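One structure is given here, and the rest of the page talks about it.
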Amino acid sequence: MGTLLSCEVEQWNSDDPIPRKDLEQGVVGAHGLLCRLSDRVDKKLLDAAGANLRVISTLSVGVDHLALDEIKKRGIRVGYTPGVLTDATAELAVSLLLTTCRRLPEAIEEVKNGGWSSWSPLWMCGYGLSQSTVGIVGLGRIGQAIARRLKPFGVQRFLYTGRQPRPQEAAEFQAEFVPIAQLAAESDFIVVSCSLTPATMGLCNKDFFQKMKNTAIFINISRGDVVNQEDLYQALASGQIAAAGLDVTTPEPLPPSHPLLTLKNCVILPHIGSATYKTRNTMSLLAANNLLAGLRGEAMPSELEL
């Protein structure tokens, strides 16, 4: 384990995010920072922290809340939690896909509000995975884990798009690397599992939705900003696409008055992709160990290469 390290810990003791002002005050002179994805670590915060700061550990696999250029410039190391949340997030993605395509929230509501009268052939019909084409935007750890779980449902064809082809990873699913326009046009189900970068910001927009089949289902478990929500609303309200399931939105939390929440064909979850007891415990342990290793100047269990 190397030398034991005693450190003084200042904790924001609440489940609510720390207010910006408190974070900027609390970080002054700190050697390490353990943060979560709701904490934006930008130039202003790094300036407030000062020269002592040498390690940032985030309780997430996504790092779009960290100003990586600034962090790299200052020689600060970054720990994150990839791998340990892959299975839980993939399970949630499949749950959300099935919930959306088989209209479960609508169906549950009909039982509760007396809309369930007698059996009727086309009532509450949705779309199934058998013999379908699934398009995955971002065939990384989580994208592969989703494909692995969807394959036994009888998916006929997997398409994927990303920065570059990944023939070794794709081989398991015979997934075809295609341009994003082709993925949009040919998929029955689209699952977005890429990271948020300048290249993926607003990637799923009006142009993208117009290319989709009007029987297609759109699922996003990556980051809200990958989707243009105004355009998604129009596509859903006009019947341009069949339905959408989102585990991520802009902003988070989404205001209860948001137009997307008025649509029956839109299922929105409160960013619970990795939310199993076991996964969150493992993530917390990894984040703490990343921080301690960084403070000791040792190799971290999961360090982000900057």
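The values are calculated or read from the model by the stated rules, or taken from the named source; none is laboratory data. Since this is a predicted model, take the numbers as computed values, not measurements. Methodologically, a virtual Cβ is constructed for each residue, glycine included, from the backbone with ideal geometry; neighbour enumeration extends over all protein chains shown. Ligands, DNA and RNA are stripped out before the accessible areas are found, and what is left, the full protein with its side chains, is counted by its heavy atoms. Shrake-Rupley method; radii C 1.70, N 1.55, O 1.52, S 1.80 Å.
Keeping to segment 267-288, report how many residues are surrounded by 14 or more Cβ atoms within 10 Å (Cβ to Cβ) and without any contact (Cβ under 8 Å) to a residue 40 or more places away in the chain.
3
Only one of T133, T86, T100 is of a type in the set (S, T, Y) and either under 25 Å from T282 (Cβ atoms) or within 14 Å of the chain's Cα centre (by Cα) (or both). Can you tell me which?
Testing whether each residue is of a type in the set (S, T, Y) and either under 25 Å from T282 (Cβ atoms) or within 14 Å of the chain's Cα centre (by Cα) (or both) leaves just T86.
Quick check on segment 102-123. Is at least one of its residues in the same structural domain as F177 (by the TED database), within 12 Å of D188 (Cβ to Cβ) and in contact (Cβ under 8 Å) with a residue 12 or more places away in the chain?
No, because not a single residue in segment 102-123 is in the same structural domain as F177 (by the TED database), within 12 Å of D188 (Cβ to Cβ) and in contact (Cβ under 8 Å) with a residue 12 or more places away in the chain.
Consider only pairs whose beta carbons are under 6 Å apart and that are at least six residues apart or on different chains; among these, list those whose first residue lies in segment 71-94 and is among the charged types (D, E, K, R) and whose second residue is open to solvent by less than 30 Å² (accessible area, probe 1.4 Å).
R77/V55; R77/G294
Mind counting the residues in segment 223-266 that are in a loop (DSSP other than H, G, I, E, B), within 16 Å of K213 (Cα to Cα) and open to solvent by less than 20 Å² (accessible area, probe 1.4 Å)?
The qualifying residues number 1.
Quick check: is even one residue across segment 204-221 within 26 Å of V78 (Cβ to Cβ) and either in contact (Cβ under 8 Å) with a residue 24 or more places away in the chain or assigned to a helix (DSSP H, G or I) (or both)?
yes
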